[in-house]
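J.: Right, I'll just put the structure down here and ask away after.
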Amino acid sequence: MTHLVVHQVHKSFGGVKAVDEVTFVVAPGELVALIGPNGAGKSTTFNVINGQLPPDSGDIRLEGRSLVGCTPQQIWRSGVGRTFQTAAVFGSMSVLENVQTVLMSRDRRFFDLWSKVTGYKRVEALALIEQVGLAEMAHQSCQALAYADVKRVELALALASAPRWLLMDEPTAGMAPAERQALMTLTHALAKRQRIGVLFTEHSMDVVFGYADRILVMAQGRLIAQGTPAEIQSNEQVQAVYFGRQRPVVGTAALKGAP
């Protein structure tokens, strides 16, 4: 099976069931949103998939191979990239040097890092930077960039390992509405074109309902619903637990695949 499969994953902290028998799949090229109230278990689910936390039980399989027991680095090398709520880049380095650093890590060339990073695979690095729309900023220091551009740099870093799956933890946190739409339109286009399966958490309902192919809803550690955006909007349990019995208001600006 070519899917990323999360099967009956359980994770407790003391007596608290942070993730309780959660099961879902992400297909190549599919964008899946994982939503829920604060404390629902979204971040713990991400951290278990990414290898930062071991599951108490259950399995995570990538193309038929179990990821349980693998380190985050091993999972990254297996084809699972990740971006974080707070962008993780080297502020003192240029955009180009940031991407070159990840390429060196991918190629297991860290022993050359400080002496050769500036000349390492420039063509490939510049192509990745161009993919995220930052070609004109390739030589700028990341600490001088606007926050929305830093998030694009982080996306380029995630793409540098040629991932088949991408975990994005609140990718548009702290961004203005227009910046959110621009980043997710870019992510959607890249995922569809390169057949990258994307699992993302997000608080902006415009982003969730505008760009997700499917939505997973968690509450108190359990997966209470999953389906298309239309199915989730009409789900009474979701309205009661997550939306306070009111249907979400979805802006018309979030058009999936809009240029």
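J.: Rounded to the nearest 500 deg cm²/dmol, what is the calculated helix-only ellipticity per residue at 222 nm for the chain, with -39500 (n - 2.57) per DSSP H run of length n ≥ 4?
T.: Rounded to the nearest 500, it is -9500 deg cm²/dmol.
J.: May I pose another question? At 1.567 mPa s and 4 °C, plugging the Kirkwood radius over alpha-carbon pairs of the stretch 92-162 into Stokes-Einstein gives what diffusion coefficient in µm²/s?
T.: Translational D for this selection: 110 µm²/s.
J.: What are the membrane-span-like helices in the chain by this rule: whole DSSP H runs, Cα extent along the axis at least 15 Å, mean Kyte-Doolittle hydropathy at least 0.0?
T.: For the chain, where a helix must reach 15 Å along its axis and average at least 0.0, the hits are 95-106, 147-159.
J.: Next question, about the same structure. Taking +1 at the Cβ of each Lys and Arg and -1 at the Cβ of each Asp and Glu, which of Ala127, His139, Val102 sits farthest along the dipole of the stretch 92-162 towards its positive end, judged by Cα position relative to the Cα centre?
T.: In the stretch 92-162, that residue is Val102.
J.: For the chain, give the magnitude of the charge dipole about the Cα centre (Cβ charges: +1 Lys/Arg, -1 Asp/Glu; no others), in debye to the nearest 20.
T.: 380 debye
J.: Calculate the dipole size of the stretch 92-162 relative to its Cα centre from +1 charges on Lys and Arg beta carbons and -1 charges on Asp and Glu beta carbons; express the result in debye to the nearest 20.
T.: So the dipole magnitude of the stretch 92-162 works out to roughly 220 debye.
J.: Right, next: Tell me, in nm to one decimal, what length is gained between Phe13 and Glu136 on full extension, where the rule is 0.36 nm per residue of separation less the Cα-Cα distance? Spell out each step's value before the answer.
T.: On the way: separation 123, 0.36 × 123 = 44.28 nm, distance 4.67 nm.
39.6 nm is the gain from fully extending Phe13 to Glu136.
J.: Still on this model: Take a quick pass over the chain and tell me how many lysine pairs come in under 27 angstrom between Cα atoms, counting only ones 8 or more apart or on separate chains.
T.: 11
J.: Based on the Cβ-Cβ distance of Asp56 and Gln143, what FRET efficiency does E = 1/(1 + (r/R0)^6) give at R0 = 41 Å, to the nearest 0.05?
T.: The computed FRET efficiency comes out at 0.50.
J.: GNM, the chain, Cα, under 10 Å: largest mean-square fluctuation among Val32, Val22, Val153?
T.: Val22
No lab work stands behind these numbers, since they all come straight from the coordinates. Since we're looking at a predicted model, the values are computed, not measured. All Cβ positions, even for glycine, are placed from backbone atoms using ideal geometry, and neighbour counts span all protein chains on display.
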